[in-house]
Amino acid sequence: VVGYSVYDAHKERIWCTSEAEQASEAREKLRLKHVVMLTRHGDRTPITVNLGKNCSITPEERAFWHSKLPSSSVLCYLADLHPVKSKQYVVDITMDEISGQLTEKGLMSSIAIGNQLRERYVEEHRLLPKKLQPDHFAVRSTDYRRTIQTAQSILWGLYPDGERAEHNQIPIVVAEPAQENMIIASAACPREREILKMAMIANAAAATAPYDMNALAQSLRHSLGMEGRLRWLEAAEVLICRQTHKYPLPEGVTAETVQQVKDVTSHLWSSYFDDRELCRLTSGRLIGEMLHHLELSRFNRSPVRFSLFSAHDGTVLALLSSLKVSDRKWPEYNAYVTVELYEGVRSKSHFVKLLYNGREVRWPNAADNFVPFEEFEKVAKELIPVDFPKECQAKTQTQTQHL
């Protein structure tokens, strides 16, 4: 049964599996061999501390958000349970800072995701053993506390207390900034930032927006007490945080307004990722890393069976857009993509299945939810930059310091 199917008719066909080819393999039993998972972090506190004079964090609001954080004892337990292997390079916020921190709600929802993964991959498919074996895992996170703690919480839910030997730890790898491939609009790729900047300036997506963006922006700037250009992504993240935790919205901002801001943000960024060069620069290296994990398992060259990548909303949206399976909606907290590798018991042929938030996604123009690995590999390799530093060189003198 198909969870849902996404296909944009105006885009070119990229998957071309024949029905006969898939139907023949459907008669053969398939064995799950490897899972690659990309997840957005769980619920967090606001990142932007000052949207305008009517929406800036006060001491009272700071205390409110501090009350939503997990206890220090739980966070220390998580850090000991699955420690960060690499030195932190980018983010080093003091423990009493509240901006962009994983909340207790986010921690608990991440544990719940881990519970769901255990049901599917331990109990149902028996890909993973009932007791934790660390060598079956490869885990990487961006260098933010919220993404690291999300990965730790998912692993805790996947292997709760009692399902691990005392010193069985899964190290969480954090890449050096120059090697990180899960950050959108990274300063490491001027061309990526240039494309985004030009798209924002052109504002071509406004013509097809679900609302009158100018009217909505003007109303929102007035309610927020904001001067200058409205940054939709900043407005969306702050208002969503407040709404989620039932903290008062600025006067004049309603639940309907928040939904409209969210819809516009989703529309804009989905439109940006219609640019295939941008997809290549934002997701190509990550897709290459994922493909490498699948290929190692395909040829039995690694004991790893589950590869977890913990990142951000933009990372998830960029990946879905690159593979042309995006529903053009903003990825919620804990949104996750799983790519499952299957092997035919008889033929030893390999197939790939994609799931989004636990629901199967039909590849565009495919006859069912499985595609031969070779087709997935072909599409993936077309997205992987051949010479990333060269492709990242800016082509204009456009200033792109702040997006």
Residues with amide H under 5 Å from that of GLY225, placed H, sequence gap 5 or more: ASN54
Contour excess over end-to-end distance, with Cα ends at SER219 and ILE201 and 0.36 nm allotted per residue: 4.4 nm
Pair ARG229, ARG346: separation of 7 Å Cα→Cβ label points (nm): 6.0
Candidates GLU60, GLU104, GLU295, ranked by Gaussian network fluctuation over the chain, Cα under 10 Å, top entry: GLU60
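Grab the Cα-Cα distance for ALA394 and GLU60, subtract it from 0.36 nm times how many residues apart they are, and report the gain in nm with one decimal.
On the way: separation 334, 0.36 × 334 = 120.24 nm, distance 4.39 nm.
That works out to 115.9 nm of additional length.
Of the beta bridges DSSP finds with both residues in the chain, what % are antiparallel, to the nearest 5?
Values: 24 of 41 bridges.
Antiparallel bridges: around 60 percent, rounded to the nearest 5.
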Angle in degrees between helix 313-322 and the longest Cα principal axis of the chain, rounded to the nearest 10: 50
Accessible surface of the chain [probe 1.4 Å, protein heavy atoms]: carbon and sulfur percent: 51
Listed peptides 303-309, 353-359 by packing density, highest first (mean Cβ within 10 Å): 303-309, 353-359
Reach of LYS197 by Cα under 22 Å, taken over lysines that are not fewer than 8 positions away in the same chain: LYS262, LYS329, LYS390, LYS395
ASN115-ASP387 pseudo-label distance in nm [points 7 Å out on the Cα-to-Cβ vector]: 5.2
Potential lengthening between LYS53 and ARG301 on full extension [0.36 nm per residue; Cα-Cα distance subtracted]: 83.6 nm
Listed values [x] 0.95; [y] 1.17; [z] 1.00, entry calculated as Cα Rg over 2.2 N^0.38 Å: [z]
Degrees separating the helix 255-272 axis from the principal Cα axis of the chain, which is the longest one: 60
Entries of LYS29/LYS130; LYS29/LYS353; LYS353/LYS381; LYS130/LYS353; LYS29/LYS131; LYS105/LYS246 with Cα pairs more than 19 Å apart: LYS29/LYS130; LYS130/LYS353; LYS29/LYS131
Mean accessible surface per residue for the chain, computed with a 1.4 Å probe while every protein chain stays in place, in Å²: 46
Positive-end residue of ASN365, THR338, LEU317, charge dipole of segment 310-367 with Cβ unit charges: ASN365
Estimated inter-spin distance, SER72 and LYS29, nm [label 7 Å along Cα→Cβ]: 5.4
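The values are calculated or read from the model by the stated rules, or taken from the named source; none is laboratory data. Values in this document were obtained by computation on a predicted structure and should not be read as measured data. As a convention, Cβ positions derive from the backbone with ideal geometry for all residues, glycine included, and neighbour counts pool all protein chains shown. Ligands, DNA and RNA are excluded from the accessible area calculation, which covers all protein heavy atoms including side chains. Shrake-Rupley method; radii C 1.70, N 1.55, O 1.52, S 1.80 Å.
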